[in-house]
Amino acid sequence: MSLEASRVTFGYGGRKKQMILQDISLSLSPGERLGLKAPSGRGKTTLCRLLAGYEKPLSGQVLLDGVPLYKWRGACPVQMIWQHPETAVDPLLRLGDTLREAGPIDPKILERLHIEKAWMDRYPSELSGGELQRFCLARALQPTTEYLLCDEITAMLDLVTQAQIWKFLLQTAEKRGLGLLIVSHSDALLERVCTRVEELPEGM
Amino acid sequence: MNGRKGTLIFWGVASLILFCLVVIGLFVEEAATVTDFSRTNLPPSLQYPFGTDWMGRDMFQRTLAGLSLSIRIGLLTAAVSAAVAFVLGLCAATLGSRVDACISWCIDWVMGIPHILLVMLISIACGRGFTGVVVGVALSHWTSLARLVRGEILQLRQAPYMLAAEKLGVSRLKQAGRHVMPHVLPQFITGLVLLFPHAILHEASVTFLGFGLSSEQPAIGVILSESMRYLTTGKWWLALFPGLSLVFVVVLFSLLGDGLRRWLDPASAHR
Amino acid sequence: MEPILQIQHVSIDFTQYESRKGTSRRCLQVIRDLSLTLYPGQVMAVVGASGSGKSLLAHGILHILPYNSHMRGEILYNGEPLTKERAKRLRGREIVLIPQGVTYLDPLMKVGAQIRKGRRDEASRRMSREALGRYGLSPDTEDLYPFELSGGMARRVLIAAATVEKPRFVIADEPTPGLDTVSAGRILAHLREIADAGAGVLLITHDLELALRIADRVAVFYAGETIEDAAASDFADPSLLRHPFTKALWHAMPGHGFRTIAGAQPYPGTAERGCPFVSSCVDCVDKCREAEEIAPRYVRGGWVRCLRVQQDTTEAGTENGDLGEGMEE
């Protein structure tokens, strides 16, 4: 069972019709940690959105186990973690509700992510980015999850939090055989956490 | 005392005033139509604070009854308008691009015609009177609110937390209840409250111009248009007090809406 | 040399309503008792997690804080208090802010006009072309609208706009997020040039690794407090650092072992008393939890806010061992 993008082309409609991604192919197997690097503006986030099934490619396909991903209904085995956790949680919901949205979370995950009980009753505006990102991770780690797409998930956090989050992710990925796609601008980080690093080819 | 407590107190007082106006107006409706030719054309006094007209009717009672009717029509039309706006906005945002294009076109079309003209046309088509005014005002005031609902929902659908919920397998119904409603409802209610002053003013103007409520009804528009004939003969009180009271009610509603908006708007929420 | 900027015991509070519906307010102290001194020709980096209120510091210096925040303490510019009026007069000329991103450019105005601040005379045109050229942008850039710029170009335009008039004090607020390493490096090199030309640069960032590439001094923010103010060279070796959190930062770098510690950084203003780091610190004792206020101490040429670091420098070296053992492996 693998996550595969084959000859994917994507661009937003508009005057110039410029393609952001052209003919991109990529595959990710369980247990693999693929690092992706590219200069800014080359469509790394867009690729993540395609792989997560948020967008449908203009041509080419994103297949999970041979099935087009955007057709998936219900809990998706591919989950994306966003760079800015404060946009990925509903500002009007208490975090406990956000966390349990898709079902109960294994208390062990909460413990290992250092999520404190008191945070559950708070609103997102009362927690720091690092604390919110822990919630996003816990929420994404459903029992059905097989792939995580990490788009610069620690770029806005301090180094200690970054190390904590990656340590947790690496352990969890190892234990559950998750496939990770890791986008980061930091070569040192990619080198540290990935099993394989690829450069995204230029779109145009 | 902080800004929010002040707003809360203001709301309480303003709603109480408006509620009392409606109720008192209903009770004096009978008395307002009583003619008494022994007291015609009296200027304002302690006994008749707003004076009396050429048929000896008490202008204070007529004004109260008129305001009460205006507020009731305002509530009814604003509620109908808001319901139309909500349904159309929701459909435009969720049923795909074709439905969206169609509804957006309707919104632009209705917005393109001056309100007062549209209200008049619809009112005439519906045979004027109470039905005419209510249908006219209700069908012409939903557009901006529909656009607001549409925009808000479209924006929410692209919010990362909505996308995440979708991919986590949260059902559509649960998404709507948990994420969409709490965001849209406050905006919607603010829009609804801000619809009242418009609805009331348009009802009064259409009636004033003679395309709305019939002259037997104790409406502010009727009072004002009748008073025009007597203004030149120095009966200033016939127009001044009913006019001022109308302005008072409209301003009260619009302040209520503003307070609500300030409370809910993120840019000024902490004032 | 005279310092160009002195920040003395500055605190910034936020007044907020408890919740969206509530009527009771609370006060959040986002920056607590901050003191910094910046000299001309120096780059001072203020490093802290995102959302920790660092940007408020920039806005506080320029007196452009949002309506619900309040600043106490004193800021001296060139030895004289930087009052609201003075800040208003100087900002944009002597004191400039390089903001975070493209959203700070007017989307309806061409780049050239924005750099010249609307002036059309020949002298300003020459100056704006020079400024663009300094940052590797061609004169054609003047005729572009902000949406036609890439992220890196937009940052350079912002720097060009800020430095047209040769400022003496520059605040750069998160100038690099979203940029790849090469573009970020170029932006930082430009900031270094500005400092080398004699201006004081205050670099506000969450990225310690990038900051260390150009900074002379680094102030580390933790939960709204500057827990350490050290020379950038101290980061060459963890034994030169003073605060346990700074040491933990060092060890957490991907190139330095990627080690973690327990606990999470609290939201600024939530800790009521004591050291905000207690929940993660392996070295803390009762007095760390109970102290009303932990005043900065001067240790080996830097400032640190920790009761466990001896003001006397001779014993400080032994603390590394203790901290290292407590690290989660």
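We did not get these values from a lab; they are worked out from the coordinates using the rules stated. Note that this is a predicted model, so its numbers are computed, not measured. Here the Cβ is made from the backbone with ideal geometry for all residues, glycine too, and neighbour counts use every protein chain on show.
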Subject >> Violating pairs (Cα-Cα greater than 26 angstrom) within the set B:Lys5/C:Lys54; A:Lys167/C:Lys247; A:Lys56/B:Lys167; A:Lys71/B:Lys174; A:Lys44/A:Lys167 >> reply: B:Lys5/C:Lys54
**OP:** Provide B:Leu145, B:Leu18 in ascending order of the number of other Cβ atoms located within 10 Å of each residue's Cβ, fewest first.
**Re:** B:Leu18, B:Leu145
Original post:
On a 0 to 90 degree scale, rounded to 10, what angle separates helix C:122-134 from the longest Cα axis of chain C?
Top reply: 50 degrees
Original post:
Hey, which aspartates and glutamates would be in cross-link range of C:Lys88, C-alpha to C-alpha under 19 Å, not counting anything within fewer than 8 residues on its own chain?
Top reply: C:Glu74, C:Glu80, C:Glu165, C:Asp173
Original post:
At C:Arg289 and B:Val247, where each label point lies 7 Å from the Cα along Cα→Cβ, what is the point-to-point distance in nanometres?
Top reply: 6.6 nm
Original post:
Top mean-square fluctuation among B:Ala65, B:Ala204, B:Ala159, Gaussian network model of chain B, C-alpha springs under 10 Å?
Top reply: B:Ala159
Original post:
When the helices in chain B are scored as -39500 (n - 2.57) per DSSP H run of 4 or longer and the sum is shared across all residues, what 222 nm value do you end up with, to the nearest 500 deg cm²/dmol?
Top reply: -25000 deg cm²/dmol
Original post:
If you stretched the chain out fully between C:Ala113 and C:Arg273, how much longer would it get, using 0.36 nm times the residue separation minus the C-alpha to C-alpha distance?
Top reply: 52.6 nm
Subject >> the protein assembly as shown: translational diffusion in µm²/s, Stokes-Einstein, Kirkwood Rh over Cα pairs, 4 °C, 1.567 mPa s >> reply: 42 µm²/s
Original post:
Rounded to the nearest 0.05, what FRET efficiency is calculated for B:Cys126 and A:Met1 with R0 set to 60 Å and r the Cβ-Cβ distance?
Top reply: 0.40
**OP:** Pop a pseudo-label 7 angstrom from the Cα along the beta-carbon direction at both A:Ser125 and C:Glu2 and give the gap in nm to one decimal.
**Re:** 4.3 nm
Original post:
Under unit Cβ charges (Lys, Arg +1; Asp, Glu -1), what dipole magnitude, rounded to 20 debye, does chain C have relative to its Cα centre?
Top reply: 1440 debye
Original post:
Can you tell which of B:Gln175, B:His141, B:Ile200 lies farthest toward the positive end of the dipole of region B:135-208, using +1 and -1 charges on the Cβ of basic and acidic side chains (Lys, Arg; Asp, Glu)?
Top reply: B:Gln175
Subject >> Computed magnitude of the charge dipole of region C:101-166 (debye, nearest 20; Cβ of K, R +1, Cβ of D, E -1) >> reply: 220 debye
Original post:
Quick one: C:Cys275, A:Cys76, fewest Cβ neighbours within 10 Å first, how do they rank?
Top reply: A:Cys76, C:Cys275
Original post:
Between B:Val13 and C:Arg89, how many nm apart are label points set 7 Å from Cα along the C-beta direction?
Top reply: 4.4 nm
Subject >> Extension gain, B:Ser104 back to B:Ser254 (0.36 nm per residue minus Cα-Cα distance, nm) >> reply: 51.3 nm
Subject >> Fraction of antiparallel bridges per DSSP, the protein assembly as shown only, in percent to nearest 5 >> reply: 55 percent
Original post:
Given the alpha-carbon gyration tensor of chain A, what are the semi-axes of its equivalent ellipsoid in whole angstrom, ordered largest first, with each equal to the square root of 5 times an eigenvalue?
Top reply: 28, 18, 18
Original post:
GluC sites (Glu not before Pro), restricted to region C:234-307: which are DSSP loop and have at most 16 other Cβ atoms within 10 Å?
Top reply: C:Glu272, C:Glu292, C:Glu293
Subject >> Cβ-derived FRET efficiency at R0 51 Å, C:Asp140 paired with A:Arg112, nearest 0.05 >> reply: 0.45
**OP:** Anything in chain B that counts as a DSSP H helix reaching 18 Å or more along its axis (C-alpha) with Kyte-Doolittle mean of at least -0.5? List them, would you?
**Re:** B:3-32, B:59-94, B:97-112, B:143-158, B:181-208, B:237-264
**OP:** Please report how far the C-alpha centroid of region B:84-148 lies from that of region C:135-172, rounded to the nearest whole angstrom.
**Re:** 47 Å
**OP:** Positive end of the charge dipole of region A:53-132 (Lys, Arg +1 and Asp, Glu -1 on Cβ, about the Cα centre): tell me which of A:Ile81, A:Gly103, A:Pro57 has its Cα farthest that way.
**Re:** A:Pro57
**OP:** Have a look at C:Asp216, C:Asp234, C:Asp143 and tell me which one the Gaussian network model of chain C (Cα, springs below 10 Å) gives the largest fluctuation.
**Re:** C:Asp143
Subject >> Helical mean residue ellipticity (222 nm; -39500 (n - 2.57) per DSSP H run of 4+; nearest 500) of chain C >> reply: -8000 deg cm²/dmol
**OP:** At a Cα cut-off below 18 Å, give the aspartates and glutamates reachable from C:Lys110, other chains included and same-chain residues fewer than 8 away excluded.
**Re:** C:Asp121, C:Glu122, C:Glu130, C:Asp140, C:Glu142, C:Asp143, C:Glu148
Original post:
In what sequence do A:Met1, C:Met127, B:Met59, C:Met44 fall when counting other Cβ within 10 Å, fewest first?
Top reply: A:Met1, C:Met127, C:Met44, B:Met59
Subject >> Estimated FRET transfer efficiency (C:Ser35, B:Ala159; beta-carbon r; R0 45 Å; 0.05) >> reply: 0.65
Subject >> region B:121-227: GluC sites (Glu not before Pro) falling in loop per DSSP and having at most 11 other Cβ within 10 Å >> reply: B:Glu216
Original post:
When Cβ neighbours within 10 Å are restricted to other protein chains, what is their mean count per residue of peptide C:248-255?
Top reply: 6
Original post:
Taking the Cα centre of chain A as the origin, how large is its charge dipole in debye, to the nearest 20, when only Lys and Arg (+1) and Asp and Glu (-1) carry charge on their Cβ atoms?
Top reply: 400 debye
Original post:
Using a Gaussian network for chain B with springs between C-alpha atoms less than 10 Å apart, which of these wobbles most: B:Thr190, B:Thr40, B:Thr232?
Top reply: B:Thr232
